[in-house]
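Beneath this line is the structure, given in structure tokens, with notes to follow.
The values are calculated or read from the model by the stated rules, or taken from the named source; none is laboratory data. Just so we're clear, the structure is a prediction, and the values are computed from it rather than from any experiment. Cβ sites come from the backbone with ideal geometry, for glycine too, and all protein chains shown count toward neighbours. Just the protein is used for accessible areas: all its heavy atoms, side chains included, with ligands, DNA and RNA removed. Shrake-Rupley method; radii C 1.70, N 1.55, O 1.52, S 1.80 Å.
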Amino acid sequence: MLSPPVLWRVSSRARRIILRLDIRKRAIIVTLPAGVTRQQGMRFLQSQSQWLTQAMSELPLSAIEQGQIWLEGQSISILPTTTLDGRTRLTDNGLHIGHPPEEHPRYLSAFLKRRAERIFPSLFQQESLRMGASPAKLTLRDVKSRWGSCTKQGRIMLSWRLIMAPPDIYTYVMVHELAHLSHFNHGPDFWALVDQYAPGGQLGRKKAEKWLSQNGAHLLAMI
């Protein structure tokens, strides 16, 4: 197994050396307390070889490694590069990326983001009207900590990576964030509103949460 890259962090709040696997960067994050050297951190990392081996073995395969990408819940083959025409296009046979293989991750990300930018705004507006909600702004970003967020000013953020999930899943995330415009918490009234509008109601909401829990790491690691 190839050794993953090591990224170093220093934290004045850390009381001990902390190891974390960054799924998107496919790297080990080593957080050092103030006063602890990298040499000490490396010795600690080397002492945790069993944890490292286990963590890396559980890392989901990337789209390039799999030879396929998820798009709205469907598995799409990444076609062999035969023509370097500079285009990324979806056909009945799969996804053609007309760039050298080493550049495929960048163009896959761009393709998925464009797809999300084309589909999400109109669906978001549709769900807003259906719920009688008035969000101030929708932004699509690539974040690692949450699939969506809502500010008290009504600005809603969604991860463009949700375009890889089935429509019911990303629609649920939209409903979830729009419900925060009425209830800026996770109390009973909030969940009642979510269950009223989520695809499939309460059962659909629980199904979506389970799907994200089981597949979220895959969405982060795929590209």
Between a residue in the stretch 72-85 that is at pLDDT below 90 and any residue that is in a strand (DSSP E or B), which pairs come within a Cβ distance under 7 Å, given they are 6 or more apart or on different chains? Thr81/Ile97
Here the residues within the stretch 23-42 that are closer than 22 Å to Ser145 by Cβ and free of Cβ contacts under 8 Å to residues at least 40 places away in the same chain are Lys25, Ala27, Ile28, Ile29, Val30, Thr31, Leu32
Select, from Ala208, Ala133, Ala165, the only residue that is among the aliphatic types (A, V, I, L, M), in contact (Cβ under 8 Å) with a residue 24 or more places away in the chain and out of contact with any Phe, Trp or Tyr (no Cβ under 9 Å at 6 or more places or on another chain). Ala133
Would you mention how many residues in the stretch 1-12 are within 27 Å of Leu220 (Cα to Cα) and either part of a loop (DSSP other than H, G, I, E, B) or aliphatic (A, V, I, L, M) (or both)? 8
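For the stretch 21-92, which fully contained helices (runs of 4 or more DSSP H) count at least 3 residues that are farther than 25 Å from Tyr107 by Cα and open to solvent by 50 Å² or more (accessible area, probe 1.4 Å)?
38-47, 49-57
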Residue that is nearest to the chain's Cα centre (by Cα) [pool: residues in the stretch 93-111 that are part of a loop (DSSP other than H, G, I, E, B) and within 15 Å of Gln68 (Cβ to Cβ)]: Gly94
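Of the residues in the stretch 84-137, how many are polar (S, T, N, Q), more than 30 Å from Gln153 (Cβ to Cβ) and out of contact with any strand residue (DSSP E or B) (no Cβ under 8 Å at 6 or more places or on another chain)?
Selection size over the stretch 84-137: 1.
Being without any contact (Cβ under 8 Å) to a residue 60 or more places away in the chain and surrounded by 14 or more Cβ atoms within 10 Å (Cβ to Cβ) is the filter; apply it to the stretch 211-223 and report the residue that is farthest from Trp160 (Cα to Cα).
Top of the filtered list is Trp211.
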